[in-house]
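Below you'll find the structure, written out as structure tokens, and then a few comments.
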Amino acid sequence: EEMKDSRILIETVLGMYHTLSERTLALMRERAHRQVLTDSLIQSERRERQFSDAVMNSVPGLVFVCDVKWRLVKWNEPCEEVTGRSGEDLANRSFWSLFDQNQLKQDQLKNVQAHAESWSGVTPYEFEVRVIGAEGEVVPYLFTSHYIDLEGSRYVTAVGVDISERHSKELELSESRE
């Protein structure tokens, strides 16, 4: 009888061990699968970020992404080169602080901000400002801004092109007419 009880006890323990081993292996497989998915997601996000950065940096001109209060959230490399500011210095800086404040007309600023506040993002808004360059020079840029709503977060994108050459040509034409 004692032998029978010992045998039942041993079989029960072995059965429990087998069940636990199967559950442990299943959990380990599930954990490994989750890790593969996590790694894949991280890789995918990294590729998406690299793609986004490559596209932004390939744009000839300045590209800024701002929050609704016009604080810089993202920008392309030419923004750092033209302004002479580091990424750290640009982070959370006001978009408007990068421009010649003497030239930045209050009414123009109000128009751009009113357009953003009305969130009429269907139509792009164009405005001309003078960017303060790395050496303190003032360079005219024409910006086009778009408003985007991304999963409940609102942003303003502003793409600017240097219009110095256009200004020079207009001045030459004006002088030649005189």
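The values are calculated or read from the model by the stated rules, or taken from the named source; none is laboratory data. Keep in mind that what you see is a predicted model, and the values were worked out from it rather than measured. Cβ sites come from the backbone with ideal geometry, for glycine too, and all protein chains shown count toward neighbours. Just the protein is used for accessible areas: all its heavy atoms, side chains included, with ligands, DNA and RNA removed. Shrake-Rupley method; radii C 1.70, N 1.55, O 1.52, S 1.80 Å.
Just a few scattered comments:
- One residue from Val63, Val159, Val129, Val73 being at pLDDT 85 or above, in a strand (DSSP E or B) and either of a type in the set (Asp, Glu) or surrounded by fewer than 18 Cβ atoms within 10 Å (Cβ to Cβ) (or both): Val73
- For the residues Arg7, Arg71, the requirement of being touching a residue at least 24 places away in the same chain (Cβ under 8 Å) and of a type outside the set (Asp, Glu) singles out Arg71.
- Residue count for the range 76-121, restricted to those that are modelled with pLDDT under 65 and over 23 Å from Ile148 (Cα atoms): 2.
- Of the numbered criteria (1) surrounded by 11 or more Cβ atoms within 10 Å (Cβ to Cβ); (2) in contact (Cβ under 8 Å) with a residue 40 or more places away in the chain; (3) not in a strand (DSSP E or B), the one Arg154 fails is (3).
- Remark: pairs (first residue in the range 20-32, without any contact (Cβ under 8 Å) to a residue 60 or more places away in the chain; second residue charged (D, E, K, R); Cβ separation under 9 Å; 6+ apart in sequence or on different chains) are absent.
- Count of residues meeting criterion [open to solvent by 100 Å² or more (accessible area, probe 1.4 Å) and under 57 Å from the mean Cα position of the chain (by Cα)] in the range 1-19: 4
- Test: residue in the range 39-57 that is outside any helix (DSSP H, G or I), open to solvent by 70 Å² or more (accessible area, probe 1.4 Å) and either without any contact (Cβ under 8 Å) to a residue 40 or more places away in the chain or not charged (D, E, K, R) (or both): no
- Count of the range 76-86 residues which are open to solvent by 70 Å² or more (accessible area, probe 1.4 Å) and farther than 17 Å from Phe99 by Cβ: 1
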